[in-house]
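A.B. asks: Provided herewith is a single structure, encoded as structure tokens, for subsequent inquiry.
The values are calculated or read from the model by the stated rules, or taken from the named source; none is laboratory data. Values in this document were obtained by computation on a predicted structure and should not be read as measured data. Note that each Cβ is placed from the backbone with ideal geometry, even for glycine, and that neighbours are counted across all protein chains shown. When the accessible area is computed, the model is the full protein with side chains, heavy atoms only, and any ligands, DNA or RNA have been set aside. Shrake-Rupley method; radii C 1.70, N 1.55, O 1.52, S 1.80 Å.
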Amino acid sequence: MSISSTAALWRARLRYWVAARRRAALRLLGRDSEPGDAYLRIAQALAEKHESSGMSSEEAMECGLVEALEILTEDGPPQVAAALKADGPRILAERRRLDRGFEKRLRQRWGSALDLYYMIAVACQEVGAEGYQEANQCDEGGDDERALLEAVSGLQARACRQSLEVLSLLEAGFPKAAHAVSRSMHEGAVVASVLTEYGSTPEHSEIGLRFLLFDHITNLMDAEEHQRYAERINHEPFTDQEMAALRTTKAAVLERFPDLDRKMGWAGDLPGLRKRTFEELEVIAGIDHLRPYYTWASHEVHAYPKGVRLNQSGLDGDLRKLAGRTNAGLADPAQGALIALNQVTASMLTVPGVASPSRIVASRAVMALLDEACEEFARIERELADERTLTVW
């Protein structure tokens, strides 16, 4: 037997000895042994059988380990799964208790900022809902204004929902996931700004309608992609009649706007839109200065090396891969989400029929709260760093 094989054998014996001591301790505590111990138990039993047949102890253990793995590979998964399921309630109850404790401590630290965040989210939700209801009941305005209202109010409602998603993620200790959602909110803020800025100009008055009709272009694209993979994902493909209806609808849309079937076709030929990129839209919207924050949040969305490196947490260079919750890093996603929500709501107030004196006052109040909330998040983040009380769970 080689030196490496001998070392592996002794490591296996050590693992078995540790596991045996652990099982004994669990029995004293009244808890069953874990399913993962089965491998070493079976290997030991097989090794003893081989040794009684005249095989040396080293060879017996080596054969036992190989045969145990074969047995568990064939029969083990259902048994292990059953054991895990049986022990699941105890495991989950313990984890949920720890989670509740973590969330309670996080709220003690961040509660003042999170409450300000919630106030702003609720205020924007009410402003958007009331503004849409009033404008929707107004008989004035043509089809272009109606389409612009539907497009921008849809973006504002989506931003309200996403802002609450960010809040839930922050309260649970998942700021990196919240950062990913805030990135999407920034995209909505950019598009809403572009729609309202150019929807009031004669040469681009149909941009709201173009935005809504562009959905029919993507509908057919999505359906064709589904058709390509329907069999492999075990889904029913669309019928020929359904696909024909989608193509007919797209053709009708293109009769109205022949240039809609291209990248970012809803935007038409806006000034400054040469390569038809989102970065150009940011410039057109006048909020391209937020690009660095958008890029930073993008690292959480894409599976690139920097995203992996950033998914670490710790102090004094003692970094650990973040596989769960953390009480640090809430400020950036919270600020990004609040800024984007305010921008979308402000854009909606410029749609004809939406603004009113009370809603304008409410919007100004939200802006004041926004500054206070952003500063409060930043203050707590600095406090956490100074106290060096980073927690990872």
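A.B. asks: Net charge near Gly265, counting Lys/Arg +1 and Asp/Glu -1 over other residues with Cβ under 13 Å of its Cβ?
C.D. replies: +1
A.B. asks: Please report the base-10 log of the normalised intensity I(q)/I(0) for the stretch 191-241, using a Debye sum with one equal scatterer per alpha carbon and no solvent, at each q in 0.25, 0.32 (1/Å).
C.D. replies: Values returned for q = 0.25, 0.32 Å⁻¹ are -0.89, -1.12.
A.B. asks: Now, a different point. Which percent of the accessible heavy-atom area of the chain goes to carbon and sulfur, probe 1.4 angstrom? List each step's numbers first, then the result.
C.D. replies: Details: 12390 of 22610 Å².
That fraction is 55 percent.
A.B. asks: Give me the lysines in straight-line cross-link reach of Lys250: C-alpha distance below 23 Å, same-chain residues under 8 apart excluded.
C.D. replies: Lys263
A.B. asks: Using only the C-alpha atoms of the stretch 85-136, find the volume of their convex hull and express it per residue in Å³.
C.D. replies: So the per-residue Cα hull volume is 86 Å³.
A.B. asks: Another question about this same structure. Å³ per residue of the Cα convex hull, for the stretch 323-393?
C.D. replies: Convex hull of Cα atoms, per residue: 87 Å³.
A.B. asks: Something else about it: At what distance in angstrom do the alpha carbon centres of the stretch 90-116 and the stretch 358-379 lie from each other?
C.D. replies: 26
A.B. asks: Also: I'd like the per residue volume of the convex hull spanned by the Cα atoms of the stretch 177-284, given in cubic angstrom.
C.D. replies: Per-residue hull volume (Cα only) is 126 Å³.
A.B. asks: Just the number please: accessible area per residue for the chain, 1.4 Å probe, all protein chains included, in Å².
C.D. replies: Per residue, the chain has an accessible area of 58 Å².
A.B. asks: A follow-up question, please. Pop a pseudo-label 7 angstrom from the Cα along the beta-carbon direction at both Arg388 and Ala245 and give the gap in nm to one decimal.
C.D. replies: Going by the 7 Å Cα→Cβ label model, 6.6 nm.
A.B. asks: How far apart, in nanometres, would the label points at Arg100 and Glu187 be if each is projected 7 angstrom from Cα along the Cα-to-Cβ direction?
C.D. replies: Result for the modelled spin labels: 3.8 nm.
A.B. asks: Would you work out the relative contact order for the stretch 52-211, in percent, from Cα pairs under 8 angstrom that are 6 or more residues apart?
C.D. replies: With pairs under 8 Å counted, the relative contact order is 22 percent.
A.B. asks: For Lys176, go through the lysines and keep the ones whose alpha-carbon is under 21 Å away, minus same-chain ones fewer than eight residues off.
C.D. replies: Lys104, Lys306, Lys321
A.B. asks: Using label points projected 7 Å from each Cα along Cα→Cβ, tell me how many nm separate Glu224 and Arg309, to one decimal.
C.D. replies: Rounded to a tenth, the inter-label distance reads 3.9 nm.
A.B. asks: Of the listed peptides 349-358, 190-199, 324-333, 94-103, what is their order by residue-averaged count of other C-beta atoms within 10 Å, with the highest listed first?
C.D. replies: 190-199, 324-333, 349-358, 94-103
A.B. asks: Show me 275-286, 114-125, 227-238 ranked by packing, highest mean number of other Cβ atoms within 10 Å first.
C.D. replies: Descending packing order for the listed peptides: 114-125, 275-286, 227-238.
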